[in-house]
Every structure is written in C-alpha cells, then in structure tokens.
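First the structure, in the form of structure tokens, and then the observations on it.
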Amino acid sequence: MPITVSVKTIARVELVDVTYLVQQEVEKAGVKDGLCVVYVPHTTSGITINEGADPAVCSDIIKKLKQLVPPHDGYRHMEGNSDSHIKASIMGSSVTVLVEGGRLVLGTWQKIFYCEFDGPRSRKVFVKMVNC
Amino acid sequence: MPITVSVKTIARVELVDVTYLVQQEVEKAGVKDGLCVVYVPHTTSGITINEGADPAVCSDIIKKLKQLVPPHDGYRHMEGNSDSHIKASIMGSSVTVLVEGGRLVLGTWQKIFYCEFDGPRSRKVFVKMVNC
Amino acid sequence: MPITVSVKTIARVELVDVTYLVQQEVEKAGVKDGLCVVYVPHTTSGITINEGADPAVCSDIIKKLKQLVPPHDGYRHMEGNSDSHIKASIMGSSVTVLVEGGRLVLGTWQKIFYCEFDGPRSRKVFVKMVNC
C-alpha cells in the first residue's frame, strides 16, 4: 500500500488544505531532496495548488467552477454527480512538488488543496516520493 | 526513443481508455515500485484520469468541454482546431500514477483516458517510469 | 535552493515560451535519461504545454480563458486578481516532460509556456530532474 493520508470533508464542494499532512509524510519518509507526488484515487475530487492566505480565493474557485459546470445541466450520468467528475478532470488528479532539505518547496502563498466535489465523504490521498 | 503506445482514434472528440496499454508497459519494464508518467506529445489532445465504469461520464465531460470551448468561436488560429488546443491545455499533457507491486495504483473507479480533441488520428503516448 | 529560471513578463496575461530556458537547465544538469518537472511557485500563474508554431493558438487560449473567467465577476477576494488564481488552477502548477539523450522529448509542435495571469511581473520557475 502506498503512503495514504486521510481527508474528511464536510461539504459537497470544499477545498481542504492538506499541505501539513503531506509535509508530515515527507518528514516521516526522510526524503531530503527529490519530488513528491500527491495523488487522488477518487473520480469526483481533484487536487490543486493555490493561495492559502485568503480563504476567499478558494471560495472564488469553487463559485466559478460551479458557474462553469453547474450541478444540474442535462448530464447523462445518472448518479447526479457529473459536475463533480468534470471538475475533477479540470483540476487534475495529482500535483508534483519539489522537496529540498526535507521540506516541500512551495511558493510563499502556495498551499496544496484537496478539491472535494462530491462530499461530504471520507477520502484518501496517496503520497509518493522519489529521491533526486 | 521513449516507450511509445499507439492510440487510434475514430472520432473528432473522444476519450479512449488506455489504462491496460499503460499497465502492459509497466509490466514489460518490470518496475515494481515507483511512478509512471503518461505523456501526450500532441497539442490537440490531452490526458485525464476519471471514471471508467459508466461511459456517460466521458460523454458528459466531452459535452461540457464543447459547451465551454465551442469548435467555432471567433478564434484567430486558422486551422479550425483552436478549441482542440484549448481543451488540451485544460485537461493537461500528462498524468502521473503510482506503481506498487508492478501495478498502477488507481482508485476503484479510475481509468486513464486519452483525450482526443481533433481526431480521428493515429496518435501516440509516451510512458516513462521511475523506481522509487 | 532548487534550479531556478527567471521569467520577466510584460503584460497582465501572457504565455511565455520557456522551452529553451528549461532545455538549458537539462543540459547544465547533465541528465541524459529521465524526467524533468517544471514547477511554478506562484499562485496567479500556471504552466502548460501547447503549440508554439502559430502565436494565434496562445492568443486563443488567453481569450477563451478570459471569457470563461473574466477579470471582474463578483469575486470575494479583494486583490482584484481572483481570475488569475482561478486560471492558474485550471492550467496547473507544473508540467512533467521526458528527457532522453539529454534533451526534452517534446512533440513536433509542443513548447512549454509559462502562463502569466497577473503581470507584468518578475517571476521564477523551478526545474527538477530525476534520472530514470
């Protein structure tokens, strides 16, 4: 089993800052210099890196995605969550972050956000590192 | 030359499940534990990971992308496929998947989809693995 | 500090071809066979791979993103650049490219574009390679 981080979401659509959880796994693994891939094994959620200082950025991302991909829009998929699947593909299923000195190398304002598009649910994220 | 997988598309816009083709390359390469990058060397197609159980999910993705980025919309690029280029950048040019025990570590419902946006064409995908 | 490439942008929204700058770092690092991750440590810009031959493709990408995510659209984030943040997440924070024979393995028409969404600014891009 890969390194797995659990994420509990509390809303249908929500961006959850998982930076600290990922950083902890980097430290546990003892990787000093390399790459860290954070992978979402679900099809109605994604992952992105964006600003963590002002929560309004996340709420603007959520609102715009809802405008572009409304929950009900004549979809064929009968489970009522086609919008979640589409948003997942727009955001992407993984991010790759550099690791140096045992730490994720993020920009000043960057945080890693788990993008829940069909919650609330108990979710997981895989973390894999390579030395380089 | 990198490991290359051929994909023959039969429609202008189509999502093709390439999971098995990628898995075969992982087995041939004998990588047991690592990362697998699947890379699209074309500019009018992309790649994504999403649900493979109900084909309606793929058709909803295609339909929504067509609504957001219509084939004809006053584009400057004269080849008539600007929508394909734009969709390619929205989906992305590669996915990265974990490998454990010689197998791609995908979620229960996840499949890797080649996203043809300007077919039908003979396409290729590069696969590269790193042990870690 | 990771390998860092400087990018000076001259417009609010602009796609800048950084392929040559990245290729130079691959050569300096002496990596012959592997993967190259190009990472953007900013939250109002992204990175994508698309056609470099006809500049109209980039201008069509920019125009469509502006239609989908207008600069002013009732955003909550007060800095006036919510559209930039949203576009950054749609394009993504990194690309991963194969390296073979000391060169980036790009398709015939592919170039790597830094996506400035809140310029003009002095920006940077991190480059990290792994042998494999």
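The values are calculated or read from the model by the stated rules, or taken from the named source; none is laboratory data. This one's a predicted model, so the numbers in the text were calculated from it and none came from an experiment. Neighbour counts are summed over all protein chains in view; Cβ atoms, including those assigned to glycine, are modelled from backbone coordinates with ideal geometry. For the accessible areas, the whole protein counts, side chains as well, though only heavy atoms, and no ligand, DNA or RNA atoms are used. Shrake-Rupley method; radii C 1.70, N 1.55, O 1.52, S 1.80 Å.
If you average the sequence gap of Cα pairs under 8 Å that are 6 or more apart and divide by the length of chain C, what percent do you get for the contact order?
On the way: 270 pairs, mean separation 70.1, N = 132.
Computed value for chain C: 53 percent relative contact order.
Would you kindly work out, in nm and rounded to one decimal, the distances from the label point of A:PRO120 to those of the same position in each other copy, ordered shortest first, with label points 7 Å along Cα-to-Cβ?
5.0, 5.0
If I model a spin label as a point 7 Å beyond the Cα along the Cα-Cβ vector, how far apart are those points for B:ARG103 and A:VAL5 in nm?
Modelled inter-label distance: 2.5 nm.
Can you list the copy-to-copy distances for C:GLY30, using a point 7 angstrom from Cα toward Cβ, in nanometres, shortest first?
For C:GLY30, the other copies' label points sit at 2.7, 2.8 nm, shortest first.
Got a number for the accessible area of B:TRP109? Probe 1.4 Å, square angstrom, nearest 10.
We get 150 Å² for B:TRP109.
Tell me what the protein assembly as shown gives for mean residue ellipticity at 222 nm when only DSSP H runs of n ≥ 4 count, each as -39,500 (n - 2.57), the sum divided by the residue total, rounded to 500 deg cm²/dmol.
On the way: 9 runs with 105 residues, N = 396.
That comes out to -8000 deg cm²/dmol.
Once the label point is placed 7 Å from Cα along Cβ, list for B:PRO71 the distances to the corresponding points in the other copies, in nm, shortest first.
3.4, 3.4
Starting from the residue with the highest accessible area, list B:SER122, B:SER89 in decreasing order, probe 1.4 Å. Before the final figure, lay out the partial values.
Numbers: B:SER122 85, B:SER89 0 Å².
Solvent-accessible surface, decreasing: B:SER122, B:SER89.
Can you tally the net charge around A:TYR75? Count Lys and Arg as +1, Asp and Glu as -1, for every other residue whose Cβ sits under 12 Å from the Cβ of A:TYR75. Write out the running numbers ahead of the final one.
Working: positive: A:ARG76, B:LYS63, B:LYS64; negative: A:ASP73, A:GLU79, A:ASP83, B:ASP54, B:ASP60.
My count for the surroundings of A:TYR75 gives -2.
If the reach is capped at under 26 angstrom between alpha carbons, list the lysines near A:LYS32, excluding any in the same chain fewer than eight residues apart.
A:LYS111, A:LYS124, A:LYS128, B:LYS32, B:LYS128, C:LYS28, C:LYS32, C:LYS124, C:LYS128
So which trypsin sites (Lys or Arg not before Pro) in the range A:55-122 are both in a DSSP loop and have at most 13 other Cβ atoms within 10 Å of their Cβ? All intermediate terms of the calculation are to be shown ahead of the outcome.
Details: sites: A:LYS63, A:LYS64, A:LYS66, A:ARG76, A:LYS87, A:ARG103, A:LYS111, A:ARG121; in loops: A:ARG76, A:ARG121.
Listed in order of number, the matching sites are A:ARG76.
Which whole-number value in Å² is the accessible area per residue of chain B, probe 1.4 Å? Walk me through the numbers before you get to the answer.
Details: 5060 Å² over 132 residues.
With the other protein chains kept in place, chain B gives 38 Å² per residue.
Cα axis of helix C:82-91 to longest principal axis of chain C: angle in degrees, 0 to 90, nearest 10?
30
Would you kindly find the accessible area of A:LEU106, with a 1.4 Å probe and non-protein molecules such as ligands, DNA and RNA excluded, rounding to the nearest 10 Å²?
Rounded to the nearest 10, that gives 40 Å².
What Kirkwood hydrodynamic radius do you get for the protein assembly as shown when you take the inverse of the mean 1/r over all pairs of distinct Cα atoms, in Å? Let's see the in-between values first.
Details: mean 1/r = 0.0484 Å⁻¹.
Across the protein assembly as shown, the inverse of the average 1/r is 20.7 Å.
What accessible area, summed over both chains, is buried at the C-B interface (1.4 Å probe, Å², nearest 100)? Could the numbers behind the result be given before it?
Values: alone 7490 and 7480 Å², together 12530 Å².
For chain C against chain B, roughly 2400 Å² becomes buried.
Send over the per residue convex hull volume for chain B, Cα only, as a whole number of Å³.
Numbers: hull volume 13.8 nm³, N = 132.
Per residue, the Cα convex hull of chain B comes to 104 Å³.
Could you compute the FRET efficiency for C:SER122 and A:HIS72, with r as their C-beta to C-beta distance and R0 at 41 Å, rounded to 0.05? Mind dumping the intermediate values first?
Working: r = 44 Å, r/R0 = 1.08.
Rounded to the nearest 0.05, the efficiency is 0.40.
How far, in degrees from 0 to 90, does helix A:19-29 lean away from the longest principal axis of the Cα atoms of chain A, to the nearest 10?
Between helix and principal axis, roughly 40 degrees.
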